[in-house]
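Let me begin by presenting the structure, written as structure tokens, before commenting on it.
The values are calculated or read from the model by the stated rules, or taken from the named source; none is laboratory data. Note that the coordinates shown come from a computational prediction; the quantities given were computed from them, not determined experimentally. Ideal geometry is used to build each Cβ from the backbone, glycine not excepted, and the neighbour counts take in all protein chains shown.
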Amino acid sequence: MRRAIPYMPAILLVGVIVATSSAAFPKRAAGQTYQYRSLMPAYWQFLRENQNAAASTLARFRTLVVTPNRDVFDAVAAGWMEDANLQEFIRRLEGKSQKLRQVDNQFPRRLSEAWQGFTKQVPDLKPGATVYLIPAPRAAVGGAVRPLGVQNAVIFGAEEISTVIESQRALNVLVQHEMTHLYHMQVNPEIRQMIAEVYMPPYATDRARLYQVLWLEGLAAYMSKNLNPEATDKEVLLSDSVAADVKALWPKIGADIREHLDSSKKNDIDVYLFDNDATGQIPKRAGYYVGMLVTERLARKYSFAELCRLSGPQLRFEVEQALRSLEKTGI
């Protein structure tokens, strides 16, 4: 998930597996296979009521925006909900109302187009997911898929959407990346369980292995590029240099990933997937690019539906074999 399933970052992203009032009455247009709920009206009300009342900003934001939608905020940004962090959360949205209103107005139509583009290629995507647009800065929320009870939630931060709202292609890439996660979670119990255990309380971080997270993100990057072949690396991988950077270090970097495939250590996963390499030796987003290359290699023998259903020892074997092949042939 783009900037969205960070593997236990410094500011924890917490979720709760409950259904609350925020999902009670989502909008679903005729013929739509998902429900849409914008939490932006609560933010606009907050701005109206908060004029010239800085002293009560935090309490008012909690009352109007967070508390009625606590399950959603906890699912992707609970680490920001402490007072000091929430104050920064609010501050980062200041002065951006014009762009966020553009998002609130245009996102439903653009989302529908992106959704239809995905379902044309993946007709067995199950209906019923709820898509949330929430007032959140990019630093806190990008895009994410979370299991909320038996339901699936696709959650987008409004500032993240503002970076792609003027380009249908770029928005398609972002939305369809998350839709791949959604489908993957629907058809693969191992992946759904991993997301629930690792990225939701009580954070059983030892339940995820590097090969699983590499596969999770590589598959989504592959599909978003496959559906949008003209998309740039910046749009697909959030980096216009990662391909060249990884190639310059190949095959050494591929061998290092392969040797750590079974690692569940936070640092081993973070350096490749979540830009947390303090040494600067591993290119940012390297795991997304390598994961996409692994998926491209496996797509020669498996359909997309079959790729999404790979699990257990078979998935582990296929990822390793694809890496070995790429090490031999080059990229």
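Below is a table of values for the structure above.
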item	result
Some residue of the range 256-269 being of a type in the set (Gly, Ala, Ser) and under 15 Å from Ser241 (Cα atoms)	no
Filtered residue count, the range 122-138, keeping only those that are out of contact with any strand residue (DSSP E or B) (no Cβ under 9 Å at 6 or more places or on another chain) and surrounded by 13 or more Cβ atoms within 10 Å (Cβ to Cβ)	2
Residue list for the range 149-168, filter: assigned to a strand (DSSP E or B) and surrounded by fewer than 23 Cβ atoms within 10 Å (Cβ to Cβ)	Gln151, Asn152
From Gly128, Gly142, Gly157, residue being out of contact with any helix residue (DSSP H, G or I) (no Cβ under 9 Å at 6 or more places or on another chain) and not hydrophobic (A, V, I, L, M, F, W, C)	Gly128
The range 37-51, residues that are among the polar types (S, T, N, Q) and surrounded by fewer than 19 Cβ atoms within 10 Å (Cβ to Cβ)	Gln45, Asn50, Gln51
Selection count, the range 267-285, where residues are assigned to a helix (DSSP H, G or I) and either at pLDDT 95 or above or among the polar types (S, T, N, Q) (or both)	1
Flag if Gly143 is under 20 Å from Leu227 (Cα atoms) and within 18 Å of the chain's Cα centre (by Cα)	yes
Every residue from the range 220-253 that is in contact (Cβ under 8 Å) with a residue 12 or more places away in the chain and within 19 Å of Gly280 (Cβ to Cβ)	Leu237, Leu238, Ser239, Ser241, Val242, Ala243, Asp245, Val246, Lys247, Leu249, Trp250, Ile253
Residues of the range 70-118 satisfying the condition of being small (Gly, Ala, Ser) and touching a helix residue (DSSP H, G or I) at 6+ places or on another chain (Cβ under 8 Å)	Ala77, Gly79, Ser97, Ala114, Gly117
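So that you can scan it fast, the table gives a plain yes or no per residue for (1) touching a residue at least 40 places away in the same chain (Cβ under 8 Å); (2) hydroxyl-bearing (Ser, Thr, Tyr); (3) assigned to a strand (DSSP E or B):
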{"site": "Gln116", "(1), (2), (3)": "no, no, no"}
{"site": "Val131", "(1), (2), (3)": "yes, no, yes"}
{"site": "Pro137", "(1), (2), (3)": "yes, no, no"}
{"site": "Ala140", "(1), (2), (3)": "yes, no, no"}
{"site": "Ala144", "(1), (2), (3)": "yes, no, yes"}
{"site": "Ala170", "(1), (2), (3)": "yes, no, no"}
{"site": "Thr180", "(1), (2), (3)": "yes, yes, no"}
{"site": "Tyr183", "(1), (2), (3)": "yes, yes, no"}
{"site": "Ile191", "(1), (2), (3)": "yes, no, no"}
